[in-house]
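Only one structure is covered here, and it is reproduced in the block below.
Any read-out appearing in this document is the output of simple, stated calculations on the displayed coordinates, not a laboratory observation. Source: prediction; values computed, not measured. Here Cβ is always computed from backbone atoms with ideal geometry, including for glycine, and neighbour counts include all displayed protein chains.
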Amino acid sequence: MRFLPSLLVLLSAVACSSSKDGGHASATQKAAASVTAAPVKAAEPVATAPAPEVAGDAERGEKLVLQFECNRCHDGTGHPAMALEKHCTHCHEDIMTGRFGAGTPKIAEWKRSVTPYRYAPSLEGAGKRFRREWLVRFLENPVDLRPHLAASMPRLAISESDARDLAAYLTRDAKTAKSDALAEGGSIRRGRELVEQKGCGGCHAFSGERPLPSTPNPAVGTDAQKKAVELAPDLRHVRERFRRDTLVSWLLAPASLKADTLMPTHGFTDAEAKDVATYLVSVPLEAPPAVAPRAKLPLLTRPVTYAEVEKQVLSITCRHCHGNPDIAGGDGGPGNTGGFGFAPRSLDLSTYRSAAAGLVKDDGERHSLFEKTADGTPLLVAALRARQSEEAGAPVPGLRGMPLGLPAVSAEAVQLVESWIAQGRPQ
Amino acid sequence: MTFTKSLSRPLFAAFTAFAFAGSAAAPARACGGEWYPIYEVDPRIEGVDTAEKKLEDGHVLASAGMVIRMIPHIKTLSPTRTTLIQRAHRVLALAAVRYDGALPVGAEVPDYVQGTWLGKTAEDRKTNLDWAVKSLREIAKAKKDDPASRTELAEALAKLDDSKAEARQILEDLAQKDLITSADGYATLATLREGAGDQEGRRAALERCKTMAHPSQAGICEGRPASSVAT
């Protein structure tokens with residue numbers, strides 16, 4: 001019960017809500033963006049020798065898992081999950097399945113908000129499947145792997161050595177590959193046919209390749225099916241993510257490499273698995289899908305009040321991480337009292353006065369949330385736009401996009417915030 | 001003595017038996033039906049939250065009345081005792097400041113808890129303002145460099161002749177970084193600048209006040225006292 005006030009605050013303001021609120025691009029929009037046409041490029045050669053393994057200190061990496069709170073969202077980290085009141089997906093899952101101890105009206109309200117943020121992939125057996133060097137790159141510069149999942153891996157305050165050590169820990173159970181080549185004889189054409197026959201497109205996108213049949217529809221099916229669809233990665237990343245020496249084994253018996261996987265066993269023969277693997281890693285792909293930068297809309301000429309900004313942006317997107325610790329058992333969320341490896345920023349966006357109180361930056365000093373950045377854009381607006389740039393594949397140096405790990409807010413939402421600031425931030 | 005001794009053993013035995021019987025696990029239905037927990041929620045949690053919202057919306061007296069009714073002994077409690085008490089202190093202290101130490105809450109607060117809050121005498125008003133400054137100072141100290149707490153402390157300090165300089169220092173520092181968190185803070189700064197003969201600074205502070213003010217409190221940015229525009 002003592003955590004209820006904190007959850008009330010955190011969850012009532014959770015993440016983002018339905019598209020009618022104008023906040024975020026939906027998963028469907030993300031999927032649509034991922035098939036943008038681009039020039040065809042040649043097939044990537046299949047490596048024939050194992051890449052030199054990236055060095056890293058797994059022992060330190062184990063500690064970093066706790067520092068960066070990987071177990072706040074992911075299972076399978078080798079550490080116990082964080083407590084429910086801090087755990088993203090466990091808390092959301094409890095709300096969705098009615099296990100959370102709160103009144104029916106509150107649960108109904110929260111369900112609307114948490115529905116898109118129910119799942120995060122398990123890290124179980126990551127070392128048996130993934131290349132360590134890919135993990136290092138991904139941790140340093142996360143890309144959106146899962147087009148049907150609203151959330152994505154956040155950009156953490158992580159150094160190169162942190163990424164190497166984390167990757168070393170996450171791949172601690174990996175056996176050294178004898179070869180980085182697929183067995184000879186696989187056929188791209190037969191692989192494609194098999195992927196179509198097995199209906200892989202029911203869950204997976206394969207951007208850069210001809211669309212797979214069976215359009216996914218996360219809105220139907222059981223919870224397990226929805227979860228499988230949401231967590232299914234875009235297959236264009238297989239060639240960089242997966243170890244060649246275990247890809248065929250994965251296709252033959254996924255659960256043998258990851259006990260809690262949602263990937264079904266399709267009953268491939270050895271030859272079929274080889275064909276599918278060859279197709280996935282060798283078919284020529286078009287260049288990465290281009291995400292068009294969001295339009296910068298002109299300032300509104302009508303009056304904009306704090307109430308409107310709060311309702312349409314701050315309460316939907318920001319308060320889940322930048323909350324009021326006084327009414328949340330001392331926890332103001334990772335963007336206020338710290339978390340995910342971030343130092344406390346003391347940024348509370350729960351009221352007008354607390355937002356006006358600004359944040360503590362790296363220099364240890366308080367700064368206004370509205371202070372001008374180098375190009376004259378107010379800091380709050382710059383952070384919202386930086387997230388849009390991250391989605392377009394162009395992170396802004398020195399500025400972490402917000403909301404962290406969630407879809408960028410719409411151009412209209414940024415316009416509203418920017419207009420409010422330009423008008424003097426009226427209440 | 002003998003009588004006491006003779007009674008003590010049977011009494012001890014009876015007490016022990018009773019204690020054992022009481023501690024034994026009894027089936028739920030033995031209590032007269034299905035057992036279920038009844039959570040008692042402190043009504044002040046919601047009450048203080050409502051009072052804060054009323055204060056934000058410019059309903060200063062209503063917020064003060066709520067706090068006095070809910071926590072009539074608030075003056076005996078340290079403002080840093082719990083976060084709930086701290087929030088209650090803040091609401092009441094700011095209300096007292098915005099009404100210059102005289103809160104006309106006689107109609108909504110019972111006689112026996114009115115104490116000095118009505119500020120009928122100069123001494124009562126001074127008592128209330130001193131209490132407000134003390135509370136807000138302790139809150140600002142507990143919250144370290146929080147600009148919102150510092151803005152509110154400065155607003156209170158500005159009401160006392162011997163602390164106007166300190167109030168101005170705080171507000172000028174915050175204004176330089178665009179960290180004054182309320183229209184009231186800018187209205188206070190305008191008054192302090194005027195007192196120091198800085199008319200241009202006064203106008204600038206009032207302009208900033210006007211852009212920030214809640215529609216219900218716009219009057220404070222025209223140089224009128226908060227109590228004349230608040231409700």
With θ set to phi - 60°, apply the Karplus curve 6.51 cos²θ - 1.76 cosθ + 1.60 along the stretch A:224-235 and write out the HN-Hα couplings as whole Hz, x wherever there is a Gly or Pro. 5, 5, 4, 5, 4, 5, 4, 8, 5, x, 5, 5
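Just to confirm a number: summing +1 for Lys and Arg and -1 for Asp and Glu over residues other than A:K274 whose beta-carbon lies under 10 angstrom from that of A:K274, what do you get?
Residues near A:K274 contribute -3 overall.
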For A:K361, go through the aspartates and glutamates and keep the ones whose alpha-carbon is under 17 Å away, minus same-chain ones fewer than eight residues off. A:D348, A:E371, B:D145, B:D146, B:D178
Using a ≥ b ≥ c from the Cα gyration tensor of the stretch A:68-117 (square roots of the eigenvalues), is it rounded, prolate or oblate, where a/c under 1.5 gives rounded and otherwise the larger of a/b and b/c decides, a/b for prolate? prolate
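For the peptides A:261-269, B:91-99, B:205-213, A:56-64, what is the packing order when you average, over each peptide's residues, the other Cβ atoms within 10 Å and list the highest mean first?
B:91-99, B:205-213, A:56-64, A:261-269
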The lysines whose Cα lies under 27 Å from the Cα of A:K128, excluding any fewer than 8 residues away in the same chain, are A:K63, A:K175, A:K178, A:K198, A:K226, A:K227, A:K258, A:K274
The stretch A:328-361 and the stretch A:129-149 have their Cα centres apart by a whole-number Å value of 28
Rounded FRET efficiency, nearest 0.05, which uses the C-beta distance separating B:A196 from A:R60 and R0 of 51 Å: 0.35
What is the extension gain from B:D161 to B:Q114, computed as 0.36 nm multiplied by their sequence separation minus the C-alpha to C-alpha distance, in nm to one decimal? 14.3 nm
Would you mind estimating how fast the stretch A:334-427 diffuses translationally, via Stokes-Einstein at 20 °C and 1.002 mPa s with the Kirkwood radius over Cα pairs, in µm²/s? 154
Along the stretch B:90-97, what does the Karplus equation 6.51 cos²θ - 1.76 cosθ + 1.60 (θ = phi - 60°) give for ³J(HN,Hα), rounded to whole Hz, x for Gly and Pro? 4, 4, 5, 4, 5, 4, 4, 5
Which whole-angstrom value gives the distance between the alpha carbon centres of the stretch B:97-150 and the stretch A:410-427? 36
What is the stretch B:110-231's relative contact order, in percent, from Cα pairs under 8 angstrom and six or more apart in sequence? 15
Could you give the distance between the Cα centres of the stretch A:254-280 and the stretch A:70-88, to the whole Å? 28
By the C-alpha gyration tensor axes a ≥ b ≥ c (rounded if a/c is under 1.5, else prolate when a/b exceeds b/c, else oblate), the shape of the stretch A:77-153 is prolate
For the stretch A:297-374: rounded, prolate or oblate by the Cα gyration tensor [a/c cutoff 1.5]: oblate
Packing-based ranking, highest mean first, of A:318-326, A:287-295, A:188-196 given that Cβ atoms within 10 Å are counted: A:318-326, A:188-196, A:287-295
Quick check on my link table: of B:K75/B:K164; B:K134/B:K159; A:K372/B:K53; B:K143/B:K164; B:K54/B:K120, which ones sit more than 19 Å apart, alpha carbon to alpha carbon? B:K75/B:K164; A:K372/B:K53; B:K143/B:K164; B:K54/B:K120
